[in-house]
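The values are calculated or read from the model by the stated rules, or taken from the named source; none is laboratory data. Predicted model, so just to flag it, every value in this text is computed and none were measured. Here Cβ is always computed from backbone atoms with ideal geometry, including for glycine, and neighbour counts include all displayed protein chains. For the accessible areas, the whole protein counts, side chains as well, though only heavy atoms, and no ligand, DNA or RNA atoms are used. Shrake-Rupley method; radii C 1.70, N 1.55, O 1.52, S 1.80 Å.
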Amino acid sequence: MKATDKFVIIDDDDVAIMLYNLTLKHALGNKTDVRCFNMADDGVTYINNELKKPGTKSKTILFLDINMPLLTGWDVLDLIEKMDENIKKQLIIFILSSSIDPNDKKRAIDHPLVTDFIEKPLTVEKLQALIN
Amino acid sequence: MEQIKKNYIGLWTRYKNYVKKNVLANDEGDSKKVSYWRNAVFCNILTYLTPLSVIALIPCIFMAFTNGVPIVGFADLFTFLLVVVITLSAGIKLQTRKYIFIFILYCLSLTLLYYLPFPGPGLLFLLTVTIFSSLIYSSSAAYYSAITNTFICVCFALLIYFNIIPYSNSHNLGAWIAISSNLIFLSFVCAKCLHLLLEGLAASLSSNNLAESKYEKANRLYKFISQINQTIVHTQNEEALFQKSCDIAFKIGGFKMAWIGMFDYERKKILLINQNGIQEESVPLFSAAYENNGPQDHVLRSGSHYVCNDIENDLELEKWKVFASLNDIGSCIILPVKRKGVIIGSFNLYATEINFFDDAEIALLEEATGDISFALDVFEKYKQHKLVEKLIIENENRFRTLIEKSTDVKMLTNIKGEFIYGSPSVTKLLGYSINEFLNKSAFNFFHPDDLPDLIRNRTIILEAAGKSFSFQYRVLHKNGHWVWCEGTLTNMLHEPGIHAFVSNFRDISERKLAEQNLITFSENLNRTASDLQKIMDSSLDIICTINEKGKFVNVSKAAENILGYTPDELVGKKYIEMVLDEDVGKTNEIALEIMSGHPSTSFENRYLHKSGSVLHILWSANWDKELRVMYCIAKDITARKKAEEEKEKMGSDLIQRSKNQEQFAYIVSHNLRAPVSNILGFAELLKYENSSPALIRDSMKGMSIAASKLDEVIKDLNEILQIRSMISENRSDIHFQGLVENISLSIDNIMEKENVIIRTDFTAIDKMLSVRTYLYSIFYNLIINSIKFHRPGVPPLIEIKSRLTLNGMQLIFKDNGLGIDLKHHNENLFGLYKRFHLNIDGKGMGLFMIKTQVEKLGGKISVISEVNNGTEFTIEFENNSL
């Protein structure tokens, strides 16, 4: 993980978004590119448009919540699945959830697009562990 | 003395034999011929002459020499010597010997006549020559000799006349003529006599021969017949007889060839059957067609023999002649062979000699052939006889076997009732040996209870010949037990050969036993049947049979209890009539399955009780292929079904609730966790010493927001839990209309603002027994929801209805609002914190609360909706939950 990497956060909880922003900026610097969306469909649209652009060598890390109204995290994953290969290649997806339902955790880990499941909150330490 | 005699005799015999051997060396004649004897005489003459002539010789020679006539002496000597030579020397032909002998005697006699003064000796020898020549040669020779003598006498007479003879003075012509004439006549006499004698002898000999040959022939023929007759007596068949006849004809009969042939009338041929004397190659010639009017044909037609005694001259058949001459056949005879008076063939005999078959012979041969024919007849008769015998034996065997091997007992009793015959089956059936019941009274063997009947019937049939009756009586077995027998007794007293009562019976103990068993069995059967009936009637389930047309055949009493119909009302009715309409289809289906051989024990359907109520029936049915009926047991499971349904409902409710609980737990934990994790996150950030003041400030703000969110969640939770807890509040009758009016009043301002119209229709049912607060809450929440989620620009129109259902009631809330995308959200519709319209405020708790409350009251809530087309909520309560 580099400071030049982009971050996308999709979560319906505004407070949580605030937290992510602060945490990421504190850990990786204020210049870090963090985009937050509390409406899942907006986030999906952004990813699709942004990552279509050629020449982006750096990766985009997506932190995705599960329990959201209208579009759930799983729905989002399904939408990403339908995107082009080169877009998917650039994504590193993490499921961030406060759910302690073991089914959710399993489903996340089993999902081909998901790199890992992270339990909220996202702390600096957890971030650093990710970097490594 | 004896010895000397013997020696002389021996010597004499040896001498005789020696002479014989010499003289007759090459001429062993037939003793039946005269010539033989002539030669024998010649031999004997020589034999005896030689020694005996010595008697004359010595004095003659002596006298001759002493009396001045030596020439006579020399002549005598010479003659003697020559005789000795022809007697003793071998190698001279007999005829030569004879010539020399006669010649020398003539010489001697001439010499004697000439040189001696007296004619005696000379004339003696002349006579001797005549006699000898008659003996040695034929009788005609004697005549020649006599003539020669005469000639010699005449010559000498002339010599005397002319005085040529030395002693002429002692001879005068007259004296000579007188003396010589004696010689002449004696010569002739001797010649003639001897001629006659020898002729007679010859004739006798030849007639002897003839007689002998005739005798032999006759002998042969008789032997032939005798052999044939013997053969006839000893042979058993035609073939042997024919062959033997031919053999006998050939060997004993002395025929050159003999054969027997059979006539083939159809093909006009004669086939050689047996033969003897014919060569292999020639045999086929004999199996040929016979010509019309030929010898075979003649025999065939006339039935009498055909004879030809001189084939060469008589027989017309050319080719036959050739064959006959080739094989040296002179005569032939063809005799007819008959069988049963019909000519079936011919017996053919060929003889070498001509004129072989004279009458006597023919007669004998005819007799022989007749005997052969007789034999054939005898064979035939014998064959027939044998056949008949065989038939009789067969018949007898058959009948015997029938009677004896038959398992039925056959018995004969006399008029007194005593047994006079029983077939072997008696022993098998009753155990007695034949001896044990013969001559015993039959009445002793029958059961005393049957005896009167037997006696009565017997007396009846006694009156009419041939009458009979059938019976079934018990007969005493040897072992003492009674054997049931069935049979008939017939009066055959007048039947020739029988003269008795004939009874014929068999063991029916098995049958009787079977009858007895049958009675017992049918009694048992009846008992069983009545037992079964009791079982059927006492069964609480319906036991019935249904035929292939679907009609009841038999129905047990339980039908009355279960279906309300008596068995009589059901019999003949189609069961399908009582099946609930909805179940008719599946009932017919299962019926077909059962009838195709798949019995069912678990088919359920609904029937209509006579009173009209619905019953659940559980069927166990089996199809009988042969009798074409269904055997069924019907159990009333209405109660059970109800209980099952309830249990199911309870079960599914429980499952649902537990799911809900689980879900609830996760949702709650998640919703609790979310703010907590946020707080934790912010706290983390606040830990860092190098945090900027802005960071600190933001973090603290964030933390406090999160905390208040947490608080809210906990408050909501409490509310929910309150509903969920088992607070049993009092139930009371709640009128729906009143409820709605109350709610309308409390939200009067909102209703005015949004122009809400509420329409109600509680005509179906206007009240229910329930908990007022819950029902109020439900109504309230649904109304508020409908108002909240109205279509922009469209005033909310809410319609509330009540409806009665089969087993309960429904409350229907219909609005014209935004509707819900059910495709997307069906699962989550009533879920906690689920929101479907994010643009409108709400926690997502409304529907969740409504559902919880409805369920607490024992009802169910369901929804029908279309986006932008309104929503319809249906709350259903069942009777038993009210």
Report task. Mind checking A:87-98 for the average number of partner chain beta-carbons within 10 Å of each residue's beta-carbon? Result -> 1
Query raised in the report: If you put +1 on each Lys and Arg Cβ and -1 on each Asp and Glu Cβ, how big is the dipole of the stretch B:313-394 around its Cα centre, in Debye rounded to 20?
Result: 660 debye
Query raised in the report: Which whole-angstrom value gives the distance between the alpha carbon centres of the stretch B:126-146 and the stretch B:309-365?
Result: 49 Å
Report task. Could you point to the residue in A:I9, B:N868, B:Q230 farthest towards the positive end of the protein assembly as shown's charge dipole, with +1 and -1 charges on the Cβ of Lys/Arg and Asp/Glu respectively? Result -> B:Q230
Query raised in the report: Hey, any idea what Rg/Rh is for the stretch A:33-89, computing Rh the Kirkwood way over Cα pairs?
Result: 0.95
**Report entry** Tilt relative to chain B, helix B:139-161 - C-alpha long axis, 0 to 90 degrees, to 10
**Finding:** 20 degrees
**Report entry** Accessible area per residue in Å² at 1.4 Å probe, computed on the stretch B:406-507
**Finding:** 52 Å²
**Report entry** Exceeding the 18 Å Cα-Cα cut-off - candidates B:K98/B:K192; B:K244/B:K268; B:K659/B:K860; A:K6/B:K701; B:K610/B:K635; B:K390/B:K410
**Finding:** B:K98/B:K192; B:K244/B:K268; A:K6/B:K701; B:K390/B:K410
Query raised in the report: Taking the stretch B:113-227 on its own, what percent of its Cα-Cα pair distances exceed 19 Å?
Result: 58 percent
Query raised in the report: Mind checking the angle between helix B:772-788 and chain B's longest principal axis? C-alpha axes, 0 to 90 degrees, to the nearest 10.
Result: 90 degrees
Requested in this report: Can you give me the P(r) profile for chain B? Cα pairs, bins 20 angstrom wide beginning at 0, each as a whole percent.
Outcome: 9, 13, 12, 12, 8, 10, 9, 9, 6, 6, 5, 2, 0
Query raised in the report: How crowded by other chains is A:15-28, given as the mean number of beta carbons from other chains within 10 Å of each beta carbon?
Result: 6
Query - Length added when fully stretched, B:A363-B:L493, from 0.36 nm per residue minus Cα-Cα - result: 40.5 nm
Query - Surface per residue (accessible, 1.4 Å probe) for the stretch B:236-379, Å² - result: 48 Å²
Query raised in the report: When the Cα centres of the stretch A:29-71 and the stretch B:710-775 are compared, how far apart do they sit, in Å?
Result: 44 Å
**Report entry** the stretch B:406-507: Cα Rg divided by the 2.2 N^0.38 Å rule of thumb
**Finding:** 0.98
Query raised in the report: Given charges of +1 on the Cβ of Lys and Arg and -1 on the Cβ of Asp and Glu, with all other atoms neutral, how large is the dipole of the protein assembly as shown about its Cα centre, in debye to the nearest 20?
Result: 4040 debye
Report task. Please work out the Cα center distance from the stretch B:575-639 to the stretch A:87-132, rounded to the nearest Å. Result -> 60 Å
Report task. Would you compute, for the Cα atoms of the protein assembly as shown, the largest minus smallest coordinate along each principal axis and list the three values in descending order, in whole Å? Result -> 245, 110, 69
Requested in this report: Kindly provide the GluC sites (Glu not before Pro) of the stretch B:261-370 that DSSP labels as loop, not H, G, I, E or B, and whose Cβ sees at most 13 other Cβ atoms within 10 Å.
Outcome: B:E266, B:E291, B:E316
Requested in this report: Between B:E353 and B:D377, take the C-beta separation as r, use R0 = 35 Å, and let me know the FRET efficiency to the nearest 0.05.
Outcome: 0.60
Report task. Arrange the peptides B:128-136, B:681-689 so that the one whose residues have, on average, the most other Cβ atoms within 10 Å appears first. Result -> B:128-136, B:681-689
Report summary line: Partner shielding of A:120-127, taken as the mean number of other chain Cβ atoms within 10 Å, equals 5
**Report entry** Cα gyration tensor category, rounded, prolate or oblate, for the stretch A:93-132 with a/c compared to 1.5
**Finding:** oblate
Query raised in the report: Taking Rh as the Kirkwood radius computed over C-alpha pairs, what is the Stokes-Einstein D of the stretch B:583-701 at 25 °C in a medium of viscosity 0.890 mPa s, expressed in µm² per second?
Result: 120 µm²/s
Query - Surrounding net charge for B:L451, when Lys and Arg each add one and Asp and Glu each subtract one, Cβ distance under 14 Å - result: 0
Report summary line: Given the candidates B:I778, B:I270, B:F188, the one whose Cα lies deepest towards the positive end of the charge dipole of chain B, counting +1 at each Lys or Arg C-beta and -1 at each Asp or Glu C-beta, is B:F188
**Report entry** Directionally averaged shadow of the stretch B:236-379, computed from the convex hull of its alpha-carbon atoms, nm²
**Finding:** 8.0 nm²
Query raised in the report: Size of the dipole of the stretch B:638-725 about the Cα centre, Lys and Arg at +1 and Asp and Glu at -1 on the beta carbon, nothing else charged, in debye to 20?
Result: 260 debye
Query - Among B:L710, B:Y306, B:I4 the positive-end extreme of the charge dipole of the protein assembly as shown (Cβ point charges) - result: B:I4
Query raised in the report: In percent, what relative contact order does chain B have, based on Cα pairs under 8 Å that are 6 or more apart in sequence?
Result: 4 percent
**Report entry** Cα-based helix-to-principal-axis angle, B:2-23 vs chain B, degrees rounded to 10
**Finding:** 80 degrees
Query raised in the report: Evaluated at 4 °C with a viscosity of 1.567 mPa s, what Stokes-Einstein diffusion coefficient in µm²/s does the stretch B:741-796 have when Rh comes from the Kirkwood expression over alpha-carbon pairs?
Result: 103 µm²/s
Query raised in the report: So for the stretch B:504-648, Kirkwood radius off the Cα pairs, Stokes-Einstein at 37 °C and 0.692 mPa s: how many µm² s⁻¹?
Result: 190 µm²/s
Query raised in the report: So what's Rg/Rh here for chain A, counting alpha carbon atoms and using the Kirkwood radius for Rh?
Result: 0.92
Query - Filtered trypsin sites (Lys or Arg not before Pro), the stretch B:231-309: DSSP coil and at most 11 other beta carbons within 10 Å - result: B:R267
Requested in this report: From the C-alpha gyration tensor of the stretch B:638-725, pull out the three semi-axes of the equivalent ellipsoid (sqrt of 5λ each), sorted largest to smallest, in whole Å.
Outcome: 48, 12, 6
